[in-house]
Amino acid sequence: MSVLDISAVAKQSGFSPSTLRYYEELGLIQSVGRKGLRRLFGPQTLVQLSVISLAKTAGFSLEEITAMIGPDGQPQRDRAELRARADALDAQITRLSGLRDMLRHAAECPHPDPLDCPKFQRLLHLATRIQRRGRTKQVALPKA
């Protein structure tokens, strides 16, 4: 079995050595031994770190990610939670797309003041309704 020391894992994964030590403390990854004071990791650690990075990008907290890691160090899928997170990302994409459309319209609007533009007024009104309700699925912002 080929092993990588902590500096090699840090270089290949993009995570700092202190982050790797912290992840080991949390149980997200496990070292397979030491060479002097340096931790050694198996090659599967790079895959585990990729999964952790993906989960963090998807908005999972380290606590949630820790709960998703099985005793063997492999991710355990909770399909309902993954679907819920995908739905939350869809809602965020909808909000951000609406915001992008508002900004684009404000930048390209022929009115000297976007607040005088009826279309921009409609976009603002819809954005306010969405924010008050806290739900993006029921009211989608129109395309600019």
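What to note about this one:
- Criterion: in the same structural domain as ASP116 (by TED's automatic domain parsing), surrounded by fewer than 15 Cβ atoms within 10 Å (Cβ to Cβ), in contact (Cβ under 8 Å) with a residue 12 or more places away in the chain and closer than 30 Å to PRO118 by Cβ - qualifying residue of ARG100, ARG104: ARG104
- For beta carbons closer than 7 Å, sequence separation of 6+ or different chains, a first residue in the stretch 119-144 that is assigned by TED's automatic domain parsing to the domain that holds THR94 and closer than 11 Å to MET102 by Cβ and a second that is modelled with pLDDT under 50 and surrounded by 12 or more Cβ atoms within 10 Å (Cβ to Cβ), the qualifying pairs are LEU123/LEU141; LEU126/VAL139; LEU126/LEU141; ALA127/LEU141.
- Verdict on GLY59 being under 22 Å from ILE130 (Cα atoms), assigned to a helix (DSSP H, G or I) and either touching a helix residue (DSSP H, G or I) at 6+ places or on another chain (Cβ under 8 Å) or not aliphatic (A, V, I, L, M) (or both): no
- Checking the stretch 121-140 against the condition returns a match, with at least one residue being crowded, with 16+ Cβ neighbours inside 10 Å, among the polar types (S, T, N, Q) and not in a helix (DSSP H, G or I).
- Flag for LEU49 being of a type outside the set (D, E, K, R), in a helix (DSSP H, G or I) and either over 17 Å from the mean Cα position of the chain (by Cα) or surrounded by fewer than 19 Cβ atoms within 10 Å (Cβ to Cβ) (or both): no
- The stretch 49-63: number of residues that are in contact (Cβ under 8 Å) with a residue 12 or more places away in the chain and of a type in the set (D, E, K, R): 0
- Taken together, GLN12, GLN30 contain a single residue that is in contact (Cβ under 8 Å) with a residue 24 or more places away in the chain and either farther than 22 Å from ILE65 by Cα or not in a loop (DSSP other than H, G, I, E, B) (or both), which is GLN12.
- Which listed residue is charged (D, E, K, R) and outside any loop (DSSP other than H, G, I, E, B), from ARG100, ARG77: ARG100
The values are calculated or read from the model by the stated rules, or taken from the named source; none is laboratory data. Everything quoted here is computed from the prediction, not taken from an experiment. Ideal geometry is used to build each Cβ from the backbone, glycine not excepted, and the neighbour counts take in all protein chains shown.
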